[in-house]
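Encoded as structure tokens, the structure appears first; notes follow it.
Any read-out appearing in this document is the output of simple, stated calculations on the displayed coordinates, not a laboratory observation. Everything numeric here is computed off the predicted structure, so don't read it as measured data. Because the Cβ atoms are built from the backbone with ideal geometry, glycine has one as well, and the counts that use them run over all protein chains shown.
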Amino acid sequence: MPLATDAPALLSSAVRDLAYYLDQIWQNYFVDIARVNDVHIDYCYPWKSRLGLIRLSLDQKSTFIGINSLLQLRQVPEYVLVTTIAHELTHYAHGFGSPLPRACKHPHANKVVERELERRNLGEQLRCTDAWIDKYWYPFYDAQHAMICSVRSAQRKQKVLQRG
Ligand SMILES: [Zn+2]
């Protein structure tokens, strides 16, 4: 269904090109990590308590990185998106969601992701991200959620009217 022109940005086309971000982050911070399979990245669901995920296909030929769709919005600082992609790439480097050998037993053991981001000069962006998430994430999420619900309810009403 075509949306009204004043629809929230979330429902319009992606403003932040994830494939571009992934390539840039890989080149700038993870250049030593081999891309041993096909890695796809896309926006997923606007999760409340998850920023991203990484999954390996059963045949190990492809990896999928899913990013919370709210991170494409301009209200979210770019460093939150960068840190989220770098977090998932760290899992890839450690053999989680990738065919690479496992570096540790659990993906988040002993703050291994934070230490890896620090080592790769992403510590400052990580601290900014944590501070932003602590302060703004839930109010931001609630506001976006309310907007999505009101758009959906308007769409439902429209359908009812058309049927009547
Ligand atoms: Zn993680």
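Numbers at a glance
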{"read-out": "Among the residues listed as ARG50, ARG55, the single one being part of a strand (DSSP E or B), of a type outside the set (Asp, Glu) and in contact (Cβ under 8 Å) with a residue 12 or more places away in the chain", "value": "ARG55"}
{"read-out": "Any pair with Cβ under 6 angstrom, 6 or more apart, that starts in segment 108-133 at a residue that is of a type in the set (Ser, Thr, Tyr) and ends at one that is assigned to a helix (DSSP H, G or I)", "value": "THR129/TYR79; THR129/VAL80; THR129/THR83"}
{"read-out": "Members of segment 24-45 that are in a strand (DSSP E or B) and touching a residue at least 40 places away in the same chain (Cβ under 8 Å)", "value": "VAL39, ILE41"}
{"read-out": "Every pair of residues 6+ apart whose Cβ atoms lie under 8 Å, when the first sits in segment 79-90 and is closer than 12 Å to ASN68 by Cβ while the second is of a type in the set (Phe, Trp, Tyr)", "value": "VAL80/TRP132; LEU81/TYR21; ILE85/TYR21"}
{"read-out": "Residue in segment 149-156 that is of a type outside the set (Val, Ile, Thr) and within 24 Å of TYR79 (Cβ to Cβ) present", "value": "no"}
{"read-out": "Leading residue by the ranking (farthest from LEU70 (Cα to Cα)) among those in segment 122-140 that are away from the ligand (no atom under 16 Å from the Cβ) and in contact with a helix residue (DSSP H, G or I) (Cβ under 7 Å, 6 or more places away or on another chain)", "value": "GLY123"}
